[in-house]
Amino acid sequence: MGYQVVIPAAGQGKRMRAGKNKLLLPLNGIPVLIHTLLVFEEDEDCDGIVLAIQPSDELEFSKLIKKYKINKVLSFASGGNERQDSVYNALQAVKSEGIVLVHDGARPFIHEETIHLVTAAAQKDGAAVVAVPVKDTIKKVHDKKIVETVERSSLWAVQTPQAFRISILLDAHHCAQREGFLGTDEASLVERIPYSITIVEGSYDNIKLTTPEDLYFADAIIRKRQSIGR
């Protein structure tokens with residue numbers, strides 16, 4: 001069940017306070033981006049990868065891709081001012097039919113099994129996202145005062161990959177462009193068409209590396225995987 005994947009990798013990572021693209025930071029001696037790319041490189045169902053990057057990173061990314069023998073990167077796309085712009089630019093480089101996944105470059109712990117599940121769901125239903133049930137009690141707050149406790153059983157924390165028929169995701173982007181809408185993820189664009197999106201339960205290990213503290217959690221996940229041989 002083949003798919004293509006778009007990986008936005010153009011962020012400046014200001015919250016990581018790294019002074020450079022956070023995807024270049026080492027994780028167990030290997031750059032974060034390479035950890036992520038290797039998951040798709042080793043998946044036989046992946047037909048190709050398009051990276052949305054800042055032009056200033058292209059030389060360094062190219063060297064890393066060559067060094068780690070990543071052969072499925074088809075092309076680089078120009079990163080935009082917003083993630084939404086970067087993903088749209090990258091979509092122009094994918095084939096016009098089939099399933100496309102969008103996956104955060106800073107989520108290096110995605111499992112191949114989860115990729116296959118969300119791809120299959122998108123093949124069947126047209127749109128699917130990986131998510132996990134919310135574990136914490138959620139409060140709605142105004143002016144630092146609790147307004148209400150939100151009923152938790154229906155709440156899910158959405159991750160990536162998010163998978164779509166390419167035509168559906170492009171329609172959603174075009175609609176957002178016409179209406180000047182800026183979403184937080186691809187699903188938020190597709191919801192507005194409107195189009196129903198299927199949830200595929202993922203793993204709490206599939207964290208996004210955003211702040212320096214996340215690197216401690218990442219090291220713990222690596223140690224756990226090494227201990228169980230996965």
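The values are calculated or read from the model by the stated rules, or taken from the named source; none is laboratory data. Computed from a prediction, not measured in an experiment: that's the story for all the values here. Positions of Cβ are backbone-derived with ideal geometry, glycine not excepted, and every protein chain shown enters the neighbour counts.
Go over the candidates Ala187, Ala218, Ala122, Ala176 one by one and state the one that is assigned to a helix (DSSP H, G or I), more than 17 Å from the chain's Cα centre (by Cα), touching a residue at least 60 places away in the same chain (Cβ under 8 Å) and closer than 23 Å to Val6 by Cα.
Details: Ala187 fails: more than 17 Å from the chain's Cα centre (by Cα); Ala218 fails: more than 17 Å from the chain's Cα centre (by Cα); Ala122 fails: more than 17 Å from the chain's Cα centre (by Cα).
Exactly one residue qualifies, and that residue is Ala176.
Just need a number here: residues in segment 147-161 that are among the aromatic types (Phe, Trp, Tyr) and either within 13 Å of the chain's Cα centre (by Cα) or exposed (fewer than 14 other Cβ atoms within 10 Å of the Cβ) (or both). First the steps, then the outcome.
Of the residues in segment 147-161, the ones among the aromatic types (Phe, Trp, Tyr) are 156.
With either within 13 Å of the chain's Cα centre (by Cα) or exposed (fewer than 14 other Cβ atoms within 10 Å of the Cβ) (or both) added as a condition, the list becomes none.
Total satisfying the criteria: 0.
Could you list, in sequence order, the residues of segment 9-37 that are within 15 Å of the chain's Cα centre (by Cα) and either modelled with pLDDT of 95 or more or under 20 Å from Lys69 (Cα atoms) (or both)?
The first filter runs over segment 9-37 and keeps only residues within 15 Å of the chain's Cα centre (by Cα), leaving 9-11, 13, 22-23, 32-37.
Passing the criteria: Ala9, Leu23, Val32, Leu33, Ile34, His35, Thr36, Leu37.
Take the residues in segment 38-67 that are closer than 22 Å to Arg223 by Cβ and in a helix (DSSP H, G or I); name whichever of them is nearest to the chain's Cα centre (by Cα). Lay out the reasoning, then the answer.
The initial filter retains those residues of segment 38-67 that are closer than 22 Å to Arg223 by Cβ, namely 38-39, 42.
Adding the requirement that they be in a helix (DSSP H, G or I) leaves 38-39.
Details: Leu38: 14, Val39: 13 Å.
Per the criteria, the residue is Val39.
For the list (1) part of a helix (DSSP H, G or I); (2) modelled with pLDDT under 95, I need the number of the one condition that Leu170 fails.
(2)
Kindly indicate which of Gln84, Gln54 is farther than 19 Å from Asn206 by Cα, among the polar types (S, T, N, Q) and in contact (Cβ under 8 Å) with a residue 60 or more places away in the chain.
Numbers: Gln54 fails: in contact (Cβ under 8 Å) with a residue 60 or more places away in the chain.
Only one candidate qualifies: Gln84.
Could you check, for segment 39-53, whether at least one of its residues is touching a Lys or Arg at 6+ places or on another chain (Cβ under 8 Å) and modelled with pLDDT under 95?
Scanning segment 39-53, I find no residue that is touching a Lys or Arg at 6+ places or on another chain (Cβ under 8 Å) and modelled with pLDDT under 95, so the answer is no.
Name the residue, out of Ala106, Ala90, that is in a loop (DSSP other than H, G, I, E, B) and either in contact (Cβ under 8 Å) with a residue 24 or more places away in the chain or aliphatic (A, V, I, L, M) (or both). If you could, list the steps in order and put the result at the bottom.
Working: Ala90 fails: in a loop (DSSP other than H, G, I, E, B).
Just a single option satisfies the conditions, and that option is Ala106.
Of Val141, Val87, which residue is over 19 Å from Glu41 (Cβ atoms) and in contact with a Pro (Cβ under 8 Å, 6 or more places away or on another chain)? Spell out how you get there, then give the answer.
Details: Val141 fails: in contact with a Pro (Cβ under 8 Å, 6 or more places away or on another chain).
The conditions single out Val87.
Taking segment 125-161 as the search range and keeping residues that are part of a strand (DSSP E or B), touching a Lys or Arg at 6+ places or on another chain (Cβ under 8 Å) and among the hydrophobic types (A, V, I, L, M, F, W, C), which one is nearest to Leu38 (Cα to Cα)?
Ala127
Any idea how many residues of segment 193-208 are crowded, with 18+ Cβ neighbours inside 10 Å and of a type in the set (Gly, Ala, Ser)?
1
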